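The values are calculated or read from the model by the stated rules, or taken from the named source; none is laboratory data. Model, not experiment: these values are computed from the prediction. Quick reminder, even Gly has a Cβ in these numbers, built from the backbone with ideal geometry, and neighbours come from all protein chains shown. Surface accessibility is based on the protein's heavy atoms, side chains included, excluding ligands, DNA and RNA. Shrake-Rupley method; radii C 1.70, N 1.55, O 1.52, S 1.80 Å.
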Amino acid sequence: MLDLVGLKNKLFPLVSVNSRMPFKESIQCCNSTCGCRVSNFLWISKTLSVIYVETPKCGCSSVKNLFEINASPEIVQEAYLRSYINLTNSGDQPFLSYDGFGNSFSLASYRENKKEILSRIVDGSTESREIGKFGFVHSFDTLANVLASYPNYMVFCVTRDPLDRFMSALNMFYSPKNYNRRIQRMSHSKITNQKDINVIVDDIFQFPNHHFNPISNFLDLSTPDLSRINFVSIELLDSFIKSELGLEISRRKNVASSYSFKANDLSGHSIKKIESYYAADSEFF
């Protein structure tokens with residue numbers, strides 16, 4: 001009898017991200033099929049001489065849409081391969097199912113790209129191939145190394161009021177209007193039909209997702225040269241993109257733009273938990 005599992009392991013020898021932390025080690029996330037398992041949240045354009053530090057729930061969908069840097073299957077495959085190599089070196093080799101993460105894998109595409117991806121990794125490259133009209137690459141390096149490697153590039157990171165950002169993420173995952181995100185939470189949380197916002201807050205802190213993580217988790221505040229980064233409030237994002245890059249950004253509709261839950265309904269206890277969680281952001285920004 002043909003051993004299909006063994007055959008799949010031979011053809012697709014990737015690592016399971018279901019059993020490991022997100023790609024960026026400072027990120028906390030319980031969702032085993034979350035995009036943070038394959039994203040390092042750093043993008044570099046040698047065409048624009050720009051470094052974009054991606055921060056979830058801070059207009060990142062609009063920025064990535066403008067820059068044409070939505071993750072391609074090749075970038076996802078590369079992230080898997082890099083994870084596989086890292087874990088192999090540490091002696092951990094769990095198996096990867098190539099389903100999930102909002103990306104469908106093509107075995108033919110994987111076979112086609114594997115050699116080229118591995119060649120760059122072996123040569124010491126920490127960057128993906130260029131994608132989109134602005135030639136952005138996904139960097140798998142640390143922010144400190146990226147800043148040191150591109151000393152003359154303009155760097156920007158979008159920020160947002162912590163409570164406003166938290167509520168946007170809460171509504172994205174728990175609003176009855178966003179069925180797919182509620183299903184995503186159900187991989188580890190069972191209260192997605194909950195109507196008490198304060199119970200939801202407790203659930204978020206019990207089962208974290210990278211969309212709720214403080215922006216400081218995406219930066220590492222000990223990184224040298226953080227002063228180089230243009231920290232742009234989300235309210236000023238459009239004007240910043242136009243003045244610095246001469247581009248017009250088209251805002252993508254937020255799935256949580258019509259809030260089911262309101263911050264006014266948060267208890268004092270919930271607000272204190274949120275303020276404590278984002279204390280570093282509030283102080284830094």
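Details
- Residue among SER227, SER243, SER260 that is surrounded by fewer than 16 Cβ atoms within 10 Å (Cβ to Cβ) and modelled with pLDDT under 90: SER260
Residue-by-condition table, conditions (1) farther than 20 Å from VAL232 by Cβ; (2) modelled with pLDDT of 95 or more; (3) open to solvent by less than 10 Å² (accessible area, probe 1.4 Å):
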{"position": "LEU163", "(1), (2), (3)": "no, yes, no"}
{"position": "ASN171", "(1), (2), (3)": "yes, no, yes"}
{"position": "ASN178", "(1), (2), (3)": "yes, no, no"}
{"position": "ARG182", "(1), (2), (3)": "yes, no, no"}
{"position": "LYS195", "(1), (2), (3)": "yes, no, no"}
{"position": "LEU219", "(1), (2), (3)": "no, no, yes"}
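- Matching entry among ASN86, ASN70 (being open to solvent by 20 Å² or more (accessible area, probe 1.4 Å), more than 24 Å from PHE166 (Cα to Cα) and at pLDDT below 95): ASN86
- Given (1) assigned to a helix (DSSP H, G or I); (2) of a type outside the set (Val, Ile, Thr); (3) out of contact with any His (no Cβ under 9 Å at 6 or more places or on another chain), number of the condition MET172 does not satisfy: (3)
- Screening HIS269 against (1) within 21 Å of the chain's Cα centre (by Cα); (2) open to solvent by 60 Å² or more (accessible area, probe 1.4 Å); (3) more than 29 Å from ALA148 (Cβ to Cβ) leaves a single unmet condition, (1).
- Sole residue being modelled with pLDDT of 90 or more and surrounded by 20 or more Cβ atoms within 10 Å (Cβ to Cβ), chosen from GLY35, GLY59: GLY59
- Count - residues of the range 198-214 that are open to solvent by 10 Å² or more (accessible area, probe 1.4 Å) and of a type in the set (Val, Ile, Thr): 1
- Of the residues in the range 245-263, at least one is outside any loop (DSSP other than H, G, I, E, B) and closer than 18 Å to ILE51 by Cβ.
- Only residues that are touching a helix residue (DSSP H, G or I) at 6+ places or on another chain (Cβ under 7 Å) and assigned to a loop (DSSP other than H, G, I, E, B) were counted in the range 108-164, giving 6.
- Subset of the range 220-254 (residues that are free of Cβ contacts under 8 Å to residues at least 40 places away in the same chain and of a type in the set (A, V, I, L, M, F, W, C)): LEU226, LEU236
- Residues that are under 19 Å from the mean Cα position of the chain (by Cα) and open to solvent by 50 Å² or more (accessible area, probe 1.4 Å), drawn from the range 230-240: PHE231
- When SER175 is tested against the conditions (1) without any contact (Cβ under 8 Å) to a residue 60 or more places away in the chain; (2) within 30 Å of ASP202 (Cα to Cα), the lone failure is (1).
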